[in-house]
Amino acid sequence: MPEDKEQIRKRASYKGQITAFSNYLNSLKVSSLAATEVNELQLRISRIESMYERYDEVQLSIECNTDNIDAQISERTDFESLYFKSLSLAKRILADCIKSDDVSSDGGSHSGNHKFVKLPTIQLPKFNGSYDNWLEFHDTFMSLIHSNDEIDDINKFHYLRASLEGPAAVVIQSIEFSAANYTVAWTILCDRYDNKRLLIQNHVTALFNIAPINKELSVNLKRLIDQINKNLRALESLGEPTKQWDTLLIHIITQKLDAKTYREWEESKGRLEKDTPITFDIFLMFLKNRADLIETLEMSNSGATNRLNSSIKYAPKVKAMVSVRDTGNKNGSAFSAKLCPKCKGDHKLSSCPQFLGLSNDVRLQLLPEYKVCFNCLNSGHYANHCKKPGCKICHRKHNTLVHVADYQSKPITDINTSNTSSGNNKPVMQGHFEQTNSSTGSQLSSNSNAHLSLSAKVGTASCSEQGDVLLSTALIKVIGKNGCPYIARAILDSGSNACLITEELYQRLGLPAQNVNQSVVGINNASAHIKKICKVSIKSLNDNFSSNLHCFVLPSITQNVPTRYVNLSNLKIPSNISLADPNFHSPAPVDMLIGADVFWDLIGTQRLKLGDGQPILCETSLGWLVSGPIDYRYVKKGVNFIKCNFTRIFQDEASKDLDEDIQKQLVRFWHLEEVSPASLYSNEEKLCEEHFLKNTTRLANGRFCVRIPLKHNPDVLGDSWPRAKKCLLSLERRLAGQSQVYEMYKEFMSEYESLGHMEKCENDNLPRKMHFIPHHGVLRESSTTTKLRVVFNASSPTSSGVSLNDIQMVGPVVQDDLLSILLRFRLHKYVLTADVEKMYRQIVIHPDDRYLQQIVWRDNPSEQLQAYQLNTVTYGTSSAPFLATRCLQQLGLECTDDKVAQVIIHDFYVDDLLTGGDDINEVTDLRRKVTSTLASAHMVLRKWKSNESQLVSENDISPLDLNIGGFEPTKTLGLGWQSHTDQLCFPIGGLFSGRTKRDMLSVISQIFDPLGLLSPCVIKMKMLLQQLWLLKLSWDEQLTPEISKMWAEIIVDLPKLNTLRIPRRVICDSPSLLEFHIFSDASERAYGACLYVRSVNDQGEVLIQLLTAKSRVAPLKPITIPRLELCGALVGARLYQKVVASLRQRLSALSFGQIRPSC
């Protein structure tokens, strides 16, 4: 298959770098290196060391895509030979220089008769942009480098760049490397991170977020003490009065203690004098003493356990089916974790030049002698307990440095799974941990369903004369989400009617998945539930075969295949054939199962029998499979399990795909019915907010200029030109028969360009340098301004399967929710509504990000396709709502007038303004100031409406009533407001028809009642919806007669809501008394609560109005009425909390009540 030219160019770059490094070493005069040259050598070594992993990734990609693997292996060998020789030479030169410096330093010290010893080298700390580590980095760097007059500025700049990682490195990345710019770089870095307010906030947050202790261990208590001291010292250095926080700190930390330690602390307080103040120092001393005590007990217990384990004698032959392992000594190494077991140097084995200079086979033989983990090459544990990722070539549990193509003995994962006794270096046999009855000969495993393993297993007790059966396995290339190939091990099974993938491989690939509700059934009807299905692209390593599979995701597919090791020495496998799985003889995990839907497309026509008692070779598109029975002479003794991988997928009637539009509307419907609590930002939302603060500016004309918040590198995007072109051509064909709509589309695009919101691009190299977004039109007949709006589909995937929206951060919701805004809207005497004209398009995207926002367009199909770049925030991108609303919030934060700022921050719902006040002059002035503030950022308020004609001009007044929430009245049962009568209404457009489940859900999902004023009607629909789900009808199945009758009654009654009018304002003028009265009730089928406002003015006038309500259906599980009444009271309490938080009004009285039926 063709090799990737871009990857080959990258490899050439790395080869050029190592060649230049080798030439640099040869030009050095080792005997006379200056201090600056030594420093330069250290920096070059550091850079070269970090280069190998990048080269290995590129080379592996080339090897996976080439037909000439031998040439690529030769390339790798040549590179690694030069790389490790050069690196070893460089480290030897550096060591000689350091040794020379030490000798000269010692010689000069004799004159004063002082004795000096060599001190350890002080390593410069690394800083990655985390505020938690800034103070430590700042003070260390200032002490060692910045304030050291013996180091010149160019070397200080060297040290600074070498110490920075991640976001911190990006801060000074664009600064030219020169002595004069060091001070500039250091100042910029300090300005960015020396933020006292953020530093204090981070350290306080760290104190609150200390992980709780779940188990009483000395290491846990010491870690807790270290975290406390670290953050308190930092806060003290920042000037915070931590000495006054004793009570608060003790309360916070005691919540993190385990139950036993907390009890001991309470008892220790009781032993103090009665009037002794409980200070934090006393508490900290208690924790230290407690940690020392527990550590002493742990050491005592560990000594007793070791003595017990050393007295155990193991039998010379293992006959049981359960493995025996010595777990007493888990350290398992005589070497210090800090010393290399190969050369005794102060580095890890994985970076030892002597070890790296050996072949993989020799390294593999040395590892048992060193008693280190075969996976990470560190001491103290074994591979089966190692949490580090496995081999980069085969992804198994061993280090890449000891990977060999074909093992002739046990795989590394098995060699390193058991500890060895002091008198015998042979590893104890690792069994399968399955207890088998030896008297019966075989026993069917009963826990296959519990492990979600779809293989039936039969363990046999006598294995000396029993052979085995090899199943068909193959190594395949699987394409991940970002286009990166992975090697996976698959089992081919013609007895399965579906393809499967393990959860582990699915997570590694990062592929999108669809939710399903299905079951997979194996032998003896053992079943497992499936919740996800994903599309997987596979390719052969030995052929041009490729295919797209729809794989169901399971935690595991089967156990290791084969069950026992196969001795290859007597198998007569021809050397000129390419095996589908070169390691077919070694037990290893299975990542995928390829079922009968693809199986027969893979199988070829050739067969080859190896001999009596030996398996058969079968030709496939993946290579030659080794499968079939094999004599006991060729397999190692051990427990054998019979495997049957037969699987069958079936689907419940109630689990067919939901209609996407209805599904979204249903989610929104239930979301509106909830009283949403205040939510904390997720990590991604915090990053998005930080990105906005760092990268947002105001242009000279006042507009905001923002950067697109990306969570992944744009390089993962594939080619977007073909899809964008195809969508445009399809759009033109569709609009050709709709001339009026086509003209509206052209007018929209023409206006877009004339306003400067998009501009033409040069046609050179369009498909490669830019990301193109498809677009389509949305026609809204009810709109009073723009009937047709063009929407840009940034979710459209590129050739790599990744879309622009996939690599963007969505960002948090920064505005108040609609319920809070409407609650305040009902209190004002005079109200105003408006919206921002083209709000998204008033915010400019930074020029460096505009290459991600390209579209294809032309006014006439006869013209050549033209590329345009979108210059502003684009509707349809994931980050657009956040960027637009966050800029609006920023206007409020920057506003010096507190009242205007509160309106901008709290009274906007996306681009809709709903505000007001009780004094007409104040409201008039408020309108003028808000308009002026938004105009400074080129945001124009339009479509003004008010219940008072003095507040709006004739040109402002819109002919239609306000439709709250952005819904179209022709399609939605939505909340509306009539300004001339100052009343809320529920306009209903269109007639409802249809008697299927789809029709019914389509209507219910359109209900928009955020205030809960229609709760008596809505609760009936909720109960009907609950019954509907119990029937498990398909989407287009007719409703039952009973449900159909109830639904017909609701449909008949719905139009009556057209006449419903509810006063917008719920309080009287100038109230001197304001009371909230909450009532709750429950029945066997539902419960709910409502909140009334009672207001009284100085004249004694009283007004009582319903403010809001919420209802719930009762759970299907029978619950007593008293418990349901408590549920209703809970809804009322939460409703009250929401209202109080939203209104920010001073409350005169509060009353809770429960509705009781009259006798």
Q: Could you grab me the full set of residues in the stretch 863-874 that are part of a loop (DSSP other than H, G, I, E, B) and among the polar types (S, T, N, Q)?
A: Gln864, Asn871, Thr874
Q. Can you tell me how many residues in the stretch 706-743 are hydroxyl-bearing (Ser, Thr, Tyr) and either buried (at least 18 other Cβ atoms within 10 Å of the Cβ) or in contact (Cβ under 8 Å) with a residue 40 or more places away in the chain (or both)?
A. 1
(Q) So if I check each of Phe584, Phe545, which one is surrounded by fewer than 18 Cβ atoms within 10 Å (Cβ to Cβ), in the same structural domain as Ile491 (by TED's automatic domain parsing), among the aromatic types (Phe, Trp, Tyr) and over 19 Å from Leu500 (Cβ atoms)? (A) Phe545
Q: Pairs only if they're at least six apart or on different chains, beta carbon under 7 angstrom, first in the stretch 381-400 and in a helix (DSSP H, G or I), second modelled with pLDDT of 75 or more; list them, first residue then second.
A: Ala383/Cys373; Ala383/Phe374; Ala383/Asn375; Ala383/Lys397; Ala383/His398; Thr400/Cys391
Q) If you go through the stretch 776-791 one residue at a time, do you hit one that is farther than 30 Å from Ile988 by Cα and modelled with pLDDT of 90 or more? A) no
Q | Count - residues of the stretch 342-359 that are under 39 Å from the mean Cα position of the chain (by Cα) and either at pLDDT 70 or above or aliphatic (A, V, I, L, M) (or both) | A | 9
**Q.** Of residues in the stretch 55-79 being of a type in the set (D, E, K, R) and surrounded by 13 or more Cβ atoms within 10 Å (Cβ to Cβ), the one farthest from Leu94 (Cα to Cα)
**A.** Glu63
Q.
So if I check each of Asn289, Asn329, Asn306, which one is out of contact with any Pro (no Cβ under 9 Å at 6 or more places or on another chain), farther than 20 Å from His403 by Cβ, in a helix (DSSP H, G or I) and at pLDDT below 70?
A. Asn306
Q: Would you check if Ser795 is surrounded by 18 or more Cβ atoms within 10 Å (Cβ to Cβ) and more than 29 Å from Leu1106 (Cα to Cα)?
A: no
**Q.** Selection from the stretch 6-49 of residues that are hydroxyl-bearing (Ser, Thr, Tyr) and either touching a Leu at 6+ places or on another chain (Cβ under 9 Å) or under 21 Å from His403 (Cβ atoms) (or both)
**A.** Tyr14, Thr19, Ser22, Tyr24
Q | Pairs with Cβ under 7 Å, 6+ apart, first in the stretch 1070-1084 and under 21 Å from Lys1138 (Cα atoms), second among the polar types (S, T, N, Q) and crowded, with 18+ Cβ neighbours inside 10 Å | A | Leu1073/Ser1095; Leu1074/Ser1095
**Q.** Matching entry among Ile210, Ile200, Ile154 (being within 30 Å of Ile282 (Cβ to Cβ) and part of a helix (DSSP H, G or I))
**A.** Ile200
Q) Which one of these does Pro212 not meet: (1) touching a helix residue (DSSP H, G or I) at 6+ places or on another chain (Cβ under 7 Å); (2) loosely packed, with under 15 Cβ neighbours inside 10 Å; (3) assigned by TED's automatic domain parsing to the domain that holds Phe286? A) (1)
Q | Lys539 being modelled with pLDDT of 85 or more, assigned to a strand (DSSP E or B) and not β-branched (Val, Ile, Thr) | A | yes
Q: Can you confirm whether the stretch 879-886 contains a residue that is at negative phi, surrounded by 20 or more Cβ atoms within 10 Å (Cβ to Cβ) and among the basic types (Lys, Arg)?
A: yes
Q: Taking only the stretch 553-575 into account, find how many residues are within 30 Å of Gly522 (Cβ to Cβ), aliphatic (A, V, I, L, M) and assigned to a loop (DSSP other than H, G, I, E, B).
A: 1
Q | Only one of Leu475, Leu500, Leu505 that is buried (at least 18 other Cβ atoms within 10 Å of the Cβ) and either free of Cβ contacts under 8 Å to residues at least 12 places away in the same chain or outside any strand (DSSP E or B) (or both) | A | Leu505
Q: Return a yes/no flag: does the stretch 544-566 have any residue that is in contact with a His (Cβ under 6 Å, 6 or more places away or on another chain), among the β-branched types (Val, Ile, Thr) and either in contact (Cβ under 8 Å) with a residue 24 or more places away in the chain or at positive phi (or both).
A: yes
Q: All but one of (1) aromatic (Phe, Trp, Tyr); (2) crowded, with 19+ Cβ neighbours inside 10 Å; (3) under 42 Å from the mean Cα position of the chain (by Cα) hold for Trp1047, so report the exception by its number.
A: (3)
Q) Do you know which residues across the stretch 792-817 are aliphatic (A, V, I, L, M) and modelled with pLDDT under 90? A) Val802
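Residues are listed down the side, and each one gets a yes or a no for (1) outside the structural domain of Asp806 (by TED's automatic domain parsing); (2) surrounded by 19 or more Cβ atoms within 10 Å (Cβ to Cβ); (3) within 27 Å of His403 (Cβ to Cβ):
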| residue | (1), (2), (3) |
| --- | --- |
| Val521 | yes, no, no |
| Ile538 | yes, yes, yes |
| Phe552 | yes, yes, no |
| Val561 | yes, yes, yes |
| Asn567 | yes, no, yes |
| Lys572 | yes, no, yes |
| Ser575 | yes, no, yes |
| Trp600 | yes, no, no |
| Gly611 | yes, no, no |
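To keep it simple, each residue is scored yes or no on (1) in contact with a strand residue (DSSP E or B) (Cβ under 8 Å, 6 or more places away or on another chain); (2) at pLDDT 85 or above; (3) exposed (fewer than 14 other Cβ atoms within 10 Å of the Cβ).
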{"position": "Arg607", "(1), (2), (3)": "yes, no, yes"}
{"position": "Pro615", "(1), (2), (3)": "yes, yes, no"}
{"position": "Thr620", "(1), (2), (3)": "yes, yes, no"}
{"position": "Gly623", "(1), (2), (3)": "yes, yes, no"}
{"position": "Val626", "(1), (2), (3)": "yes, yes, no"}
{"position": "Val635", "(1), (2), (3)": "yes, no, no"}
{"position": "Val639", "(1), (2), (3)": "yes, no, no"}
{"position": "Arg648", "(1), (2), (3)": "yes, no, no"}
{"position": "Ala654", "(1), (2), (3)": "yes, no, yes"}
Q | Residues located in the stretch 825-862, provided they are assigned to a strand (DSSP E or B), among the β-branched types (Val, Ile, Thr) and either surrounded by fewer than 18 Cβ atoms within 10 Å (Cβ to Cβ) or in contact with a Lys or Arg (Cβ under 9 Å, 6 or more places away or on another chain) (or both) | A | Val831, Thr833, Val836, Val844, Ile845, Val856
Q. Based on what the data block shows, is Asn517 surrounded by fewer than 19 Cβ atoms within 10 Å (Cβ to Cβ), at negative phi and either charged (D, E, K, R) or in a strand (DSSP E or B) (or both)?
A. yes
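The values are calculated or read from the model by the stated rules, or taken from the named source; none is laboratory data. Just so you know, these numbers come straight off a predicted model, no measurement behind them. Reconstructed Cβ throughout: ideal geometry from the backbone, glycine too, with neighbour counts over all protein chains shown.
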